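Colleague: For reference, the structure I am asking about is given below.
The values are calculated or read from the model by the stated rules, or taken from the named source; none is laboratory data. The structure displayed is predicted, hence computed values, not measured ones. Positions of Cβ are generated from backbone atoms using ideal geometry, with glycine treated the same way; all protein chains shown enter the neighbour counts.
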């Protein structure tokens with residue numbers, strides 16, 4: 001839990017860039033996200049053990065575990081004392097990462113962000129902002145994991161896991177979600193996208209729903225992304241706007257905006 005002791009000092013560097021009329025109150029998501037800047041990128045950190053178990057790792061993250069850690073820290077933090085203990089962090093991380101907050105093997109982990117978001121909305125700690133604010137919808141095509149079994153040893157080595165994942169994908173495939181197509185996003189974003197919101201980037205990659213995730217951050221009027229970068233292999237704030245990031249990646253189609261509810 002080393003991040004907990006350092007985020008207060010690091011966050012002061014960014015407060016002037018991220019303050020806005022709608023975020024004058026303490027922004028736990030943003031402050032906790034900033035504490036991860038320069039944290040190394042870690043590959044498949046959740047798959048090191050043969051048995052599925054909750055992994056607590058704030059020393060290296062990928063784009064999903066960065067968001068999960070930030071969200072768990074923000075939900076667990078006592079709003080009055082600003083204190084955070086590992087027991088509360090563990091409880092929230094389990095609720096965020098696993099279907100209905102129950103660890104029951106590899107397929108109980110929420111691998112697809114379509115279900116990850118729906119799980120959080122169902123349990124009451126996430127709000128799908130784009131479902132309210134954007135009229136644009138898309139149907140999610142979900143089959144990537146079972147179509148790329150060689151990339152997922154726990155599917156490749158277990159017929160039971162593979163069959164369960166096929167069932168999960170079939171249930172999710174065709175889910176209609178609200179999003180912002182990238183051609184409609186501006187460099188400034190929209191007034192209803194707040195610093196600290198979760199950004200999930202939709203994709204045209206066959207079978208995949210979300211290609212990347214991060215935390216929205218307004219820097220001098222520009223909507224940027226605080227994320228775990230595979231280019232620089234660390235957590236950083238994007239050097240260009242979120243819109244420009246989308247423009248440079250042909251397979252990225254738009255964004256979903258998700259907000260913590262506390």
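Colleague: Looking at (1) out of contact with any helix residue (DSSP H, G or I) (no Cβ under 6 Å at 6 or more places or on another chain); (2) buried (at least 18 other Cβ atoms within 10 Å of the Cβ), which is the one condition that is false for residue 77?
Modeller: So residue 77 meets the others, but not (1).
Quick grid of which residues meet (1) under 22 Å from residue 113 (Cα atoms); (2) in contact with a helix residue (DSSP H, G or I) (Cβ under 8 Å, 6 or more places away or on another chain):
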{"residue": "222", "(1), (2)": "no, no"}
{"residue": "229", "(1), (2)": "yes, no"}
{"residue": "237", "(1), (2)": "yes, no"}
{"residue": "247", "(1), (2)": "yes, yes"}
{"residue": "250", "(1), (2)": "yes, no"}
{"residue": "253", "(1), (2)": "yes, yes"}
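Colleague: Moving on. Assess whether residue 102 counts as being modelled with pLDDT of 95 or more, within 20 Å of the chain's Cα centre (by Cα) and surrounded by 14 or more Cβ atoms within 10 Å (Cβ to Cβ).
Modeller: The answer is no for residue 102.
Colleague: Name, by its number, the condition in (1) touching a residue at least 60 places away in the same chain (Cβ under 8 Å); (2) surrounded by fewer than 18 Cβ atoms within 10 Å (Cβ to Cβ); (3) touching a strand residue (DSSP E or B) at 6+ places or on another chain (Cβ under 7 Å); (4) within 20 Å of residue 216 (Cα to Cα) that does not hold for residue 70.
Modeller: (2)
Colleague: Then there's this: For segment 129-162, name all the residues that are surrounded by fewer than 18 Cβ atoms within 10 Å (Cβ to Cβ) and in contact with a strand residue (DSSP E or B) (Cβ under 6 Å, 6 or more places away or on another chain).
Modeller: Residues satisfying the conditions are 131, 136, 137, 139.
Colleague: Could you grab me the full set of residues in segment 88-108 that are more than 20 Å from residue 159 (Cα to Cα) and not in a helix (DSSP H, G or I)?
Modeller: Across segment 88-108, the qualifying residues are 98, 102.
Colleague: I've got another one for you. Among the residues of segment 223-249, how many are in contact with a strand residue (DSSP E or B) (Cβ under 9 Å, 6 or more places away or on another chain), in contact (Cβ under 8 Å) with a residue 60 or more places away in the chain and farther than 16 Å from residue 66 by Cβ?
Modeller: Selection size over segment 223-249: 2.
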